[in-house]
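The next block holds one structure in the form of structure tokens; read it before the comments.
The values are calculated or read from the model by the stated rules, or taken from the named source; none is laboratory data. Values in this document were obtained by computation on a predicted structure and should not be read as measured data. Note that each Cβ is placed from the backbone with ideal geometry, even for glycine, and that neighbours are counted across all protein chains shown.
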Amino acid sequence: MDTLTATQKQYLEQPKERISGSEAIVRCLLAEGVDVLYGYPGGAIMPVYDELYKYEDKINHVLTRHEQCAAHAAQGYARISGKVGVAMATSGPGATNLVTGIADAQIDSTPIVCITGQVPSHLLGSDAFQETDIVGISTPVTKWNHQVTKASQIPEIIARAFYIAKSGRPGPVLIDITKDAQFEEFDFQYKKCTGVRSYVPVPKTDPSSISAAAALINSAKKPLIIWGQGIILSKAETELKALVEKAGIPAAWTIMGASALPTSHPLNIGMVGMHGNYAPNVLTNDCDVLIAIGMRFDDRVTGKLDEYATQAKIVHLEIDPAEVDKNIKTDVAVLGDAKQSLLELLPQVNDNSHNEWLQKFKDLYEIEYEKVIKNDLHPTKAGLTMGEVLKEINIQTKGEAAIVSDVGQHQMIACRYADFNITKSNITSGGLGTMGFALPAAIGAKMAAPDREVVAVIGDGGYQMTIQELGTIFQNKLPVKIVVLNNEFLGMVRQWQQLFFEKRYASTEMVNPNFVAIAKGYYIEAKKVTKREDLAATVKEMIDSDGPYFLEVCVEKEGNVFPMVPSGASVSDIRLE
Amino acid sequence: MATEKKLYTVSVYTENNIGLLNRISAIFQRRHINIESLNISVSEIEGVSRFTILIHMSEDQIKKILGQIEKQVEVIKAYYHTDDDTIYQESCLFKIKSDLLFEERQIQNIIKESNAHIVTVNKEFFVLEKSGRRAELETLHKALSVFGIMQFVRSARIAVTKDELKITEMLNAFKNQ
């Protein structure tokens, strides 16, 4: 149970008081410990904004430049803090603009609560101005959603929204509130939600599944751990490290699991999946016991399913019963919260080491290093690589920055080469692959963790999808560091066109504007690097800067990301070139 | 075999909330699964609804679908059953010209033999109701269609299980937490 802040206590279970629905919404947020929310006003949510004005000393509303970015900022906030992010928008287009962020939060299990205004209840279904069925629209992409038409429902529904968003496998919740409910007065009192009778957030762990898992792990000669975001969501980083070290098991991560175990850990053998590391992908099809923890065997991780680890016994530690046997048939499923399951598992696991097996990973790493990594990080060719930019960021931030990446080649490079020495350091759009995610998510991340260095690494394509958020960064004086890796292409699609569509570069070449001038137009310090000799100093200047900083690095136009598991191929058929 | 397709009845106990139908039907729609029939009604527990969904699929698939259904916050519990696990019925109504009842002696025999019952008769038409298994309903439909049917409608399958479903215990357990 989280401890309550003084502000929260002030708004919790106070005597009943007659207030409007809109004031109740703000007080509910305060009772839930919300200190910042992201949003955009409009007709159907105006009463709430009027209350936010009155409460502005207690709750900070950040005006994003587009509602999609309010949702992404809330995601960034949630991902780095582990708390619930909040986004707010008006009805109609305001609400529909949130949907991409909501879908992203759903597939990446991010706890956010979105509050939308709705036309007055007597106009529902009449095609009123800015009316849209946002509850209907958001149903498939929310963990839960609800429409409120009476002020008296507000406290219970908002309490439930926060509870559902953050409990169990987290996810987005949308609450749609009609304008008449915002105006209506009622006797307000707030109680936190502690349970919903139809909802089991964390399934019971069967002790026999723990001992079965331990037996498989103890008998394994070539065990492999693959962990996902479940470790981060259940705050099980210490327990993961303990298991890895005690049983001496090489451990790989999915893109969403990155940073739960430091990059420098000797048993951290890298990323799995389409652009993951060579060794863990190849050896997935060689291990004898595969221990999957808080990950969901996404197709980008598994490649061809019927050639995925068919030789191995599969142990799956998972909080969501719907994920068990969904893609990969497990031999032992351990249902429950990852931290709790690991705590129960640890005493039953024998001290062990698998040096010969670990050596195989090291040998394959050497191959990957020679064929790929060396050229990415220490290129001898003239053109700048994305990898060397990441290398400089690592040096300047000592691998302690939170890297917020967008979607595409730069994202894969960032995940592959960023040093993640602190947990919750890889904030990216994993499941949905939402271009435009990084800049607004970096806003939320920086505000939730002002003491951390937040570096947004973005491609020139995705950057232009949400570039207007420079305005939010400027207005709120947020010292976010923005690095655009400009190859004048939609690079990942171009790479596929090169490899699989005989270099027919259909609609992937971009003629870009003067990015530095645009950043400067928002009064953000900006520089462009085109030469290797300027890179290190400029990255240093960026990191040393106290305010927001924009850095454009012109990288080679047709660089490719390798290794690569071609779509539909087996993970062990991963290509190095 | 778990991959062989057959007819399954899915029983879903849920809270009685607006929007839940949308949420559950979206699970099928997203996976391009056709719902053979769907019935939503009250259940034996006050305030708890019961969905009865008939689908044609493999056991492997249905287990995954059940996981997706149970994952919905307002779903209390979902089960799947084969025909052998349940007692099930469908119901249908025939609207037929009243003249035929008097002119075609055969119709009266069909009604008697099929255990259908007449709901109402007036000068223009009469309405015949028949509950039972799909095959019985189809047989009756075939027999009557020779004479001409003005309107026909068949309900979704409803089913109760032979085994006990422990929903009340589950809800009590929550109350006592």
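Key figures
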quantity: Residue count for segment A:232-264, restricted to those that are touching an Asp or Glu at 6+ places or on another chain (Cβ under 6 Å) and closer than 23 Å to A:Gly168 by Cβ; calculated: 2
quantity: Unmet requirement for A:Lys222, which otherwise passes all of (1) in contact with a Phe, Trp or Tyr (Cβ under 7 Å, 6 or more places away or on another chain); (2) over 24 Å from A:Asp286 (Cα atoms); calculated: (2)
quantity: Qualifying positions in segment A:410-441 - aliphatic (A, V, I, L, M), more than 12 Å from the chain's Cα centre (by Cα) and either assigned to a loop (DSSP other than H, G, I, E, B) or under 20 Å from A:Val561 (Cα atoms) (or both); calculated: A:Met412, A:Ile413, A:Ala414, A:Ala418, A:Ile422, A:Met435
quantity: Residue that is farthest from B:Glu15 (Cα to Cα), among those in segment B:55-85 that are hydrophobic (A, V, I, L, M, F, W, C) and at the interface with chain A (Cβ under 8 Å from one of its Cβ atoms); calculated: B:Val73
quantity: Scope segment B:131-167; condition closer than 20 Å to B:Thr52 by Cβ and in contact with a Ser or Thr (Cβ under 6 Å, 6 or more places away or on another chain); matching residues; calculated: B:Ser131, B:Ser155, B:Ala156, B:Arg157, B:Ile158, B:Ala159, B:Thr161
quantity: Residue list for segment A:189-247, restricted to those being touching a helix residue (DSSP H, G or I) at 6+ places or on another chain (Cβ under 6 Å) and without any contact (Cβ under 8 Å) to a residue 12 or more places away in the chain; calculated: A:Arg197
quantity: Positions within segment B:34-54 being more than 14 Å from chain A (Cβ to nearest Cβ), under 18 Å from B:Gly19 (Cβ atoms) and buried (at least 19 other Cβ atoms within 10 Å of the Cβ), in sequence order; calculated: B:Ile53
quantity: Residues satisfying the stated conditions in segment B:8-20, i.e. more than 10 Å from chain A (Cβ to nearest Cβ) and at pLDDT 95 or above; calculated: B:Tyr8, B:Thr9, B:Val10, B:Ser11, B:Val12
quantity: Of residues in segment B:86-108 being under 30 Å from B:Ser49 (Cβ atoms) and buried (at least 18 other Cβ atoms within 10 Å of the Cβ), the one farthest from the other protein chains (Cβ to nearest Cβ); calculated: B:Phe94
quantity: Enumeration of residues in segment B:16-31 that are of a type outside the set (Lys, Arg) and either farther than 16 Å from B:Lys63 by Cα or under 18 Å from the mean Cα position of the chain (by Cα) (or both); calculated: B:Asn16, B:Asn17, B:Ile18, B:Gly19, B:Leu20, B:Leu21, B:Asn22, B:Ile24, B:Ser25, B:Ala26, B:Phe28, B:Gln29
quantity: Flag for B:Glu70 being charged (D, E, K, R), in the same structural domain as B:Glu15 (by TED's automatic domain parsing) and surrounded by 13 or more Cβ atoms within 10 Å (Cβ to Cβ); calculated: yes
quantity: Test: residue in segment A:525-541 that is surrounded by 15 or more Cβ atoms within 10 Å (Cβ to Cβ) and farther than 17 Å from A:Val389 by Cβ; calculated: yes
quantity: Those residues of segment A:184-202 which are of a type in the set (A, V, I, L, M, F, W, C) and either more than 22 Å from A:Gln14 (Cβ to Cβ) or surrounded by 20 or more Cβ atoms within 10 Å (Cβ to Cβ) (or both), in sequence order; calculated: A:Phe188, A:Val196, A:Val200, A:Val202
quantity: Residue count, segment A:111-136 (criterion: more than 10 Å from every other protein chain (Cβ to nearest Cβ), assigned to a helix (DSSP H, G or I) and hydrophobic (A, V, I, L, M, F, W, C)); calculated: 2
quantity: Evaluation of B:Thr3 against (1) more than 10 Å from every other protein chain (Cβ to nearest Cβ); (2) of a type in the set (S, T, N, Q); (3) part of a helix (DSSP H, G or I) (one fails), failing number; calculated: (3)
quantity: Residue identified as out of contact with any Cys (no Cβ under 7 Å at 6 or more places or on another chain), of a type in the set (A, V, I, L, M, F, W, C), in a loop (DSSP other than H, G, I, E, B) and surrounded by fewer than 14 Cβ atoms within 10 Å (Cβ to Cβ) among A:Ala517, A:Ala506; calculated: A:Ala506
quantity: Single residue of segment A:142-186 satisfying the filter (aliphatic (A, V, I, L, M) and facing chain B (nearest Cβ under 10 Å)) that is farthest from A:Gly101 (Cα to Cα); calculated: A:Ile164
quantity: Hey, A:Thr466 more than 24 Å from A:Val389 (Cα to Cα), of a type outside the set (A, V, I, L, M, F, W, C), buried (at least 17 other Cβ atoms within 10 Å of the Cβ) and in the same structural domain as A:Thr538 (by TED's automatic domain parsing) or not; calculated: no
quantity: Any hit, segment B:116-136, residues being farther than 30 Å from A:Cys193 by Cβ, more than 14 Å from chain A (Cβ to nearest Cβ), surrounded by 11 or more Cβ atoms within 10 Å (Cβ to Cβ) and acidic (Asp, Glu); calculated: yes
quantity: Failed item, numbered, when A:Cys193 is tested on (1) outside the structural domain of A:Pro111 (by TED's automatic domain parsing); (2) outside any loop (DSSP other than H, G, I, E, B); calculated: (2)
quantity: Given (1) closer than 30 Å to A:Ala402 by Cα; (2) surrounded by fewer than 24 Cβ atoms within 10 Å (Cβ to Cβ), number of the condition A:Leu124 does not satisfy; calculated: (1)
quantity: Residue match in segment A:482-495 (condition: charged (D, E, K, R) and outside any loop (DSSP other than H, G, I, E, B)); calculated: yes
quantity: Residue ID - farthest from the chain's Cα centre (by Cα), chosen from residues in segment B:137-177 that are among the small types (Gly, Ala, Ser) and exposed (fewer than 14 other Cβ atoms within 10 Å of the Cβ); calculated: B:Ala173
quantity: Helices (runs of 4 or more DSSP H) lying entirely in segment A:232-344 (those with 2 or more residues that are surrounded by 20 or more Cβ atoms within 10 Å (Cβ to Cβ), of a type in the set (Val, Ile, Thr) and within 14 Å of chain B (Cβ to nearest Cβ)); calculated: none
quantity: B:Ile27 being hydrophobic (A, V, I, L, M, F, W, C), more than 9 Å from chain A (Cβ to nearest Cβ), in a helix (DSSP H, G or I) and closer than 24 Å to B:Lys166 by Cβ; calculated: no
quantity: Residue check, A:Leu499 in contact (Cβ under 8 Å) with a residue 60 or more places away in the chain, over 30 Å from A:Pro450 (Cα atoms) and in a helix (DSSP H, G or I); calculated: yes
quantity: A:Leu384 being in a loop (DSSP other than H, G, I, E, B) and either within 21 Å of A:Trp253 (Cα to Cα) or of a type outside the set (Asp, Glu) (or both); calculated: yes
quantity: Only listed residue being within 18 Å of A:Leu37 (Cβ to Cβ) and in contact with a Gly (Cβ under 9 Å, 6 or more places away or on another chain), chosen from A:Lys143, A:Lys83; calculated: A:Lys83
